[in-house]
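Participant: Okay, handing you the structure first.
The values are calculated or read from the model by the stated rules, or taken from the named source; none is laboratory data. None of these values were measured; they are calculated from a predicted model. Neighbour counts are summed over all protein chains in view; Cβ atoms, including those assigned to glycine, are modelled from backbone coordinates with ideal geometry.
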2 protein chains.
Amino acid sequence: MAAPAPNSQQEMRQRNLARVLYAVAAAGRTGPVSRAAVAARIGLTRAAVSTLVEELVRAGFLVELGPGRSGGVGRPGNALALTDLGPCGIGAEVGVEHLAVCAVDLRGQVRAGRREETSDREGDPASVLRLLGVLVDRVVADAGAAGLRPAGLAVAVPGLVARGTSTVVRAPNLGWHDTDLAAHLPGSLPLTVENEANFGALAELWLGEEGTAPRDFIHVSAEVGIGAAIVLDGELLRGRRGFAGELGHLPVRPEGPRCACGGRGCLEQYAGEAALLRAAGVDTGTGTGGTGTGGRSAALAMLRTRAEAGDTACLEALHRAGEALGIALAGAVNLLDPQTVLLGGALATLAPWLMPALEQELQQRTAAPGPVPQLAVSAIGSQGPLLGAAHSVVRKVMNDPLSYTATR
Amino acid sequence: MAAPAPNSQQEMRQRNLARVLYAVAAAGRTGPVSRAAVAARIGLTRAAVSTLVEELVRAGFLVELGPGRSGGVGRPGNALALTDLGPCGIGAEVGVEHLAVCAVDLRGQVRAGRREETSDREGDPASVLRLLGVLVDRVVADAGAAGLRPAGLAVAVPGLVARGTSTVVRAPNLGWHDTDLAAHLPGSLPLTVENEANFGALAELWLGEEGTAPRDFIHVSAEVGIGAAIVLDGELLRGRRGFAGELGHLPVRPEGPRCACGGRGCLEQYAGEAALLRAAGVDTGTGTGGTGTGGRSAALAMLRTRAEAGDTACLEALHRAGEALGIALAGAVNLLDPQTVLLGGALATLAPWLMPALEQELQQRTAAPGPVPQLAVSAIGSQGPLLGAAHSVVRKVMNDPLSYTATR
């Protein structure tokens with residue numbers, strides 16, 4: 001019944017080590033940081049912080065920069081920084097038309113990366129994941145050559161992932177079904193798999209400017225389908241089975257067109273990529289005659305170009321899509337009372353045309369008094385899922401530096 | 001950036017004291033409990049638990065029952081129980097047609113209670129809260145006479161409460177607007193105010209059978225309006241400003257009837273009490289000629305009676321309301337992936353007629369694979385908000401027994 005709480009010295013030490021690392025990471029965005037600044041930031045004594053710092057220096061997480069290194073701005077000597085040589089996180093992304101892998105170090109810098117355009121829409125998961133494995137191996141090698149030690153692999157997928165497992169239960173736009181990534185990605189790195197919208201939202205939470213990144217938001221992301229991730233009080237809301245955030249299947253018009261999910265009039269039937277392109281009269285090129293590869297991006301670029309040129313069908317389709325997004329998001333906002341609604345993915349690039357109708361519906365249908373949530377376009381954009389994946393590994397290491405040290 | 005964590009011995013001791021209290025509370029549902037059983041339950045050593053127990057006995061939270069008291073079932077001597085004399089929580093509820101107050105002790109037993117039917121629909125908050133204050137005083141006196149010391153007062157209201165304040169921002173069914181309860185409820189007891197659906201949901205979370213109470217659920221509650229509370233991973237989701245759970249204003253049909261919230265076709269326009277009674281052709285008696293008092297309950301009883309008798313208009317109205325509930329809840333389920341949907345409040349008593357259509361819509365519109373969430377009727381029912389309020393005070397004491405002891 002009680003909330004989980006550390007009940008041992010060991011757990012308390014682990015948490016305090018993590019707090020020191022995060023304090024150095026946060027304060028260190030503007031450069032090296034002193035022990036005193038770390039102590040002030042986390043509310044421990046200078047002596048306690050010194051002991052923790054020594055342990056983290058010994059374990060190779062922190063480096064001490066001599067007094068000469070901290071510059072002439074009056075900062076006290078022996079400034080601290082996170083290492084740029086230690087553990088790193090490997091993030092990977094399975095997109096509908098691309099694969100991407102990157103390595104991020106403790107400082108949060110991307111140190112290696114590979115990307116490959118694919119046409120895996122109808123692809124067999126085994127061959128797609130074999131190619132992903134090759135890219136991962138290359139990035140791991142690149143990271144090693146840069147003096148980094150990969151601590152784990154996190155993969156973002158556009159589908160439903162059973163919570164706490166590496167199994168993609170359903171990814172309609174990949175044609176995957178009950179696919180266990182662990183079976184296809186051999187290797188010694190610990191593996192985590194997560195829905196792309198979730199990793200995208202975590203990237204927004206983790207990579208925003210300190211103090212200004214929203215901690216309560218709905219992150220709408222769209223590749224082919226429309227997904228969302230919900231972060232409240234700084235925590236990602238996964239749902240019982242890991243399937244939370246299916247914004248694309250909120251009923252917008254209960255007697256509307258049939259949806260593949262079994263429902264009718266779902267948001268995707270109005271604002272999903274296929275519905276939008278169809279309504280705008282833009283050919284996706286993925287029909288029987290299409291090559292598949294690049295069809296989506298080309299079609300979306302065409303939609304933008306025509307909208308910019310004032311094409312009536314395109315403007316009308318985008319207006320309708322914005323309206324449907326506003327209706328569905330009003331429901332989500334009334335249910336969740338977030339601070340911000342962030343548009344990411346393909347929707348971000350269409351924001352100028354979606355926003356007016358979206359904003360109007362939200363304004364009209366938000367029940368609570370006071371201002372409606374801030375509507376914003378994701379700053380990280382389409383890099384979010386990949387970066388969120390890599391950072392999730394980095395944070396796992398930082399949350400428990402002792403176990404990482406023990407296992408390597 | 002890091003999760004909050006205890007960083008001092010003092011905080012760790014506080015948490016461990018709380019864990020002992022919750023362990024005794026949970027194990028103690030079937031009778032007194034030994035130190036060894038507590039130690040096993042929370043994973044601390046017997047010696048550590050003994051030290052904590054001594055402190056809690058000294059502070060008057062736990063009582064030791066001599067070996068003779070623990071019965072002949074072989075249980076080791078000096079069994080422990082929570083006191084039935086120490087601190088208690090005072091819970092209060094402002095209903096549309098009633099006021100209620102109760103006192104709950106550390107064991108979770110209701111030890112005193114008062115209830116008064118009112119007609120405060122159009123009432124001035126000052127006079128309603130004056131009457132509530134009188135009831136609180138009486139229950140506090142009753143609790144004192146029973147050897148209890150009230151530790152705080154928590155009030156459940158059918159309206160939006162600004163998070164972390166005692167201000168009811170809006171309670172349309174009471175006619176309240178920016179009403180600060182602290183200004184109207186003088187007295188020395190620490191005051192908390194919360195939406196009734198939230199306290200109702202917390203009661204479900206806290207008072208269910210150990211191990212079987214859902215930890216991820218949407219609790220739908222209806223008095224005059226339709227509200228909901230969302231509990232995920234055992235935590236109440238309040239929203240940024242405290243306004244989460246406005247299920248009644250999820251758009252069901254975007255071009256539907258105008259709603260007082262400014263939207264159109266909100267769930268309340270189909271399944272709210274007024275809409276339901278109107279569609280069923282049941283007179284509420286609260287019009288110009290009505291007395292107000294008892295009008296709602298009488299009208300709802302009439303609706304049930306007619307539905308039982310097979311009245312077509314009533315059955316059709318209930319079917320439509322169930323359908324609308326199903327559409328809105330499908331949206332909520334797709335967004336949140338809960339384990340259970342609990343129907344409480346007035347809806348619970350109408351469940352037999354609402355459920356078939358509700359269930360069908362939910363089945364059809366749930367996007368995630370696998371079984372749809374379990375649909376259940378609240379076991380605690382209309383007592384939930386009042387009990388949740390009183391228990392919230394009790395849990396605040398148990399979460400931090402040291403401060404309680406220090407302040408009394």
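Participant: For the range A:361-384, enumerate the residues that are away from every other protein chain (no Cβ under 12 Å), in a helix (DSSP H, G or I) and touching an Asp or Glu at 6+ places or on another chain (Cβ under 8 Å).
Facilitator: Just the residues of the range A:361-384 that are away from every other protein chain (no Cβ under 12 Å), to begin with: A:375-384.
Within this subset, residues satisfying the condition of being in a helix (DSSP H, G or I) are A:381-384.
If the condition is that a residue be away from every other protein chain (no Cβ under 12 Å), in a helix (DSSP H, G or I) and touching an Asp or Glu at 6+ places or on another chain (Cβ under 8 Å), then A:GLY384 is the only one that fits.
Participant: Taking the range A:239-257, which residues are in contact with a helix residue (DSSP H, G or I) (Cβ under 7 Å, 6 or more places away or on another chain), more than 7 Å from every other protein chain (Cβ to nearest Cβ) and more than 16 Å from A:ALA332 (Cβ to Cβ)?
Facilitator: Within the range A:239-257, A:GLY256, A:PRO257 qualify.
Participant: With respect to A:PRO338, is the statement that it is surrounded by 21 or more Cβ atoms within 10 Å (Cβ to Cβ), assigned by TED's automatic domain parsing to the domain that holds A:GLU223, in contact with a helix residue (DSSP H, G or I) (Cβ under 9 Å, 6 or more places away or on another chain) and not β-branched (Val, Ile, Thr) true? Give the steps one after another, and end with the answer.
Facilitator: Working: surrounded by 21 or more Cβ atoms within 10 Å (Cβ to Cβ): yes; assigned by TED's automatic domain parsing to the domain that holds A:GLU223: yes; in contact with a helix residue (DSSP H, G or I) (Cβ under 9 Å, 6 or more places away or on another chain): yes; not β-branched (Val, Ile, Thr): yes.
Judged against the criteria, A:PRO338 is a match.
Participant: Go through (1) within 14 Å of chain B (Cβ to nearest Cβ); (2) buried (at least 18 other Cβ atoms within 10 Å of the Cβ); (3) modelled with pLDDT of 95 or more one by one and return the number of the condition A:LEU387 breaks.
Facilitator: In the conditions (1) within 14 Å of chain B (Cβ to nearest Cβ); (2) buried (at least 18 other Cβ atoms within 10 Å of the Cβ); (3) modelled with pLDDT of 95 or more, A:LEU387 misses (1) alone.
Participant: Sticking with this structure for a sec: Mind listing whichever residues of the range B:138-154 are part of a helix (DSSP H, G or I) and more than 22 Å from the chain's Cα centre (by Cα)?
Facilitator: Initially, the range B:138-154 is screened for residues part of a helix (DSSP H, G or I), giving B:138-145.
Residues satisfying the conditions are B:ARG138, B:ALA141, B:ASP142, B:GLY144, B:ALA145.
Participant: Within the range A:156-177, does at least one residue satisfy the condition of being of a type in the set (Lys, Arg), within 12 Å of chain B (Cβ to nearest Cβ) and closer than 22 Å to B:ILE218 by Cα? Don't jump to the end; show me each part of the working.
Facilitator: Step one: of the range A:156-177, the residues of a type in the set (Lys, Arg) are A:163, A:170.
From what is left, the residues that are within 12 Å of chain B (Cβ to nearest Cβ) are A:163, A:170.
Still in the list and also closer than 22 Å to B:ILE218 by Cα: A:163.
Yes, there is a match, as at least one residue in the range A:156-177 is of a type in the set (Lys, Arg), within 12 Å of chain B (Cβ to nearest Cβ) and closer than 22 Å to B:ILE218 by Cα.
Participant: Sticking with this structure for a sec: Just wondering, is there one or more residues in the range B:345-358 that are within 10 Å of another protein chain (Cβ to nearest Cβ) and surrounded by fewer than 24 Cβ atoms within 10 Å (Cβ to Cβ)?
Facilitator: Initial filter on the range B:345-358 (within 10 Å of another protein chain (Cβ to nearest Cβ)): none.
Scanning the range B:345-358, I find no residue that is within 10 Å of another protein chain (Cβ to nearest Cβ) and surrounded by fewer than 24 Cβ atoms within 10 Å (Cβ to Cβ), so the answer is no.
Participant: OK, next. Please list, ordered by first then second residue, the pairs with beta carbon atoms under 6 Å, 6 or more apart or interchain, first in the range A:94-107 and farther than 14 Å from A:ARG149 by Cα, second in a strand (DSSP E or B) and small (Gly, Ala, Ser).
Facilitator: A:VAL101/A:ALA92
Participant: Has the range A:166-173 got any residue that is outside any helix (DSSP H, G or I) and loosely packed, with under 15 Cβ neighbours inside 10 Å? Can you show your working first?
Facilitator: Within the range A:166-173, the subset outside any helix (DSSP H, G or I) is A:166-173.
From the residues that got through so far, the ones that are loosely packed, with under 15 Cβ neighbours inside 10 Å too are A:172.
Yes, the range A:166-173 has at least one match.
Participant: Of these, A:ALA260, A:ALA197, A:ALA201, which one is more than 13 Å from chain B (Cβ to nearest Cβ) and either under 22 Å from A:GLY152 (Cα atoms) or assigned to a loop (DSSP other than H, G, I, E, B) (or both)? Reasoning before the result, please.
Facilitator: Numbers: A:ALA260 fails: more than 13 Å from chain B (Cβ to nearest Cβ); A:ALA197 fails: more than 13 Å from chain B (Cβ to nearest Cβ).
None of the others qualify; the one that does is A:ALA201.
Participant: Which residue pairs have Cβ atoms closer than 9 Å, lie 6 or more positions apart in sequence or on different chains, and pair a first residue in the range A:342-359 that is assigned by TED's automatic domain parsing to the domain that holds A:ASN198 with a second residue that is of a type in the set (Ser, Thr, Tyr) and in a helix (DSSP H, G or I)?
Facilitator: Within 9 Å, no pair qualifies.
Participant: Among residues belonging to the range B:16-50 that are away from every other protein chain (no Cβ under 13 Å) and more than 17 Å from B:ASP84 (Cα to Cα), point out the one that is surrounded by the most Cβ atoms within 10 Å (Cβ to Cβ).
Facilitator: This residue is B:ARG35.
Participant: Another question, then. Looking at the structure I just gave you, is A:LEU232 under 29 Å from A:ARG29 (Cβ atoms), within 12 Å of chain B (Cβ to nearest Cβ) and under 13 Å from the mean Cα position of the chain (by Cα)? Talk me through it step by step, then tell me what you get.
Facilitator: Values: under 29 Å from A:ARG29 (Cβ atoms): yes; within 12 Å of chain B (Cβ to nearest Cβ): yes; under 13 Å from the mean Cα position of the chain (by Cα): no.
So A:LEU232 does not fit the description; no.
Participant: Another question, if that's okay. Quick one: is A:ALA330 surrounded by 24 or more Cβ atoms within 10 Å (Cβ to Cβ) and either not polar (S, T, N, Q) or not assigned by TED's automatic domain parsing to the domain that holds A:GLY159 (or both)? Give the derivation first.
Facilitator: On the way: surrounded by 24 or more Cβ atoms within 10 Å (Cβ to Cβ): yes; either not polar (S, T, N, Q) or not assigned by TED's automatic domain parsing to the domain that holds A:GLY159 (or both): yes.
Taking the combined requirement at face value, the residue satisfies it.
Participant: Would you mind finding the one in B:THR312, B:THR349 that is modelled with pLDDT under 95 and more than 30 Å from A:GLY227 (Cα to Cα)?
Facilitator: Details: B:THR312 fails: modelled with pLDDT under 95.
When all the criteria are applied, what remains is B:THR349.
Participant: For the range A:168-183, check the following and say yes or no: at least one residue is in contact (Cβ under 8 Å) with a residue 40 or more places away in the chain and of a type in the set (Lys, Arg).
Facilitator: So far as the range A:168-183 goes, no, none of its residues is in contact (Cβ under 8 Å) with a residue 40 or more places away in the chain and of a type in the set (Lys, Arg).
Participant: Name the single residue that is surrounded by the most Cβ atoms within 10 Å (Cβ to Cβ) among those in the range A:239-266 being under 22 Å from A:GLU194 (Cβ atoms) and among the aliphatic types (A, V, I, L, M). Before the answer, list the steps.
Facilitator: Step one: list which residues in the range A:239-266 are under 22 Å from A:GLU194 (Cβ atoms), which gives A:239-250, A:261.
Of the ones still in play, those that are also among the aliphatic types (A, V, I, L, M) are A:244, A:247, A:250.
Values: A:ALA244: 28, A:LEU247: 31, A:LEU250: 34.
The residue in question is A:LEU250.
Participant: Answer yes or no: is there a residue in the range A:365-374 that is in contact (Cβ under 8 Å) with a residue 24 or more places away in the chain, in contact with a Ser or Thr (Cβ under 7 Å, 6 or more places away or on another chain) and closer than 25 Å to B:LEU329 by Cβ. If you could, list the steps in order and put the result at the bottom.
Facilitator: First, pick out the residues of the range A:365-374 that are in contact (Cβ under 8 Å) with a residue 24 or more places away in the chain: A:365-368, A:372-374.
The next check asks that each one be in contact with a Ser or Thr (Cβ under 7 Å, 6 or more places away or on another chain); those that pass are A:372-374.
Among the residues that remain, those that are also closer than 25 Å to B:LEU329 by Cβ are: A:372-373.
Yes - at least one qualifying residue is present in the range A:365-374.
Participant: Restricting to the range A:207-229, and then to whatever is part of a loop (DSSP other than H, G, I, E, B) and within 20 Å of B:VAL333 (Cα to Cα), can you tell me which residue is farthest from the other protein chains (Cβ to nearest Cβ)?
Facilitator: Here is the first cut: in the range A:207-229, the residues part of a loop (DSSP other than H, G, I, E, B) are A:208-216, A:223-225.
Filter once more, keeping what is within 20 Å of B:VAL333 (Cα to Cα): A:216, A:225.
Numbers: A:ASP216: 4, A:GLY225: 10 Å.
Top of the filtered list is A:GLY225.
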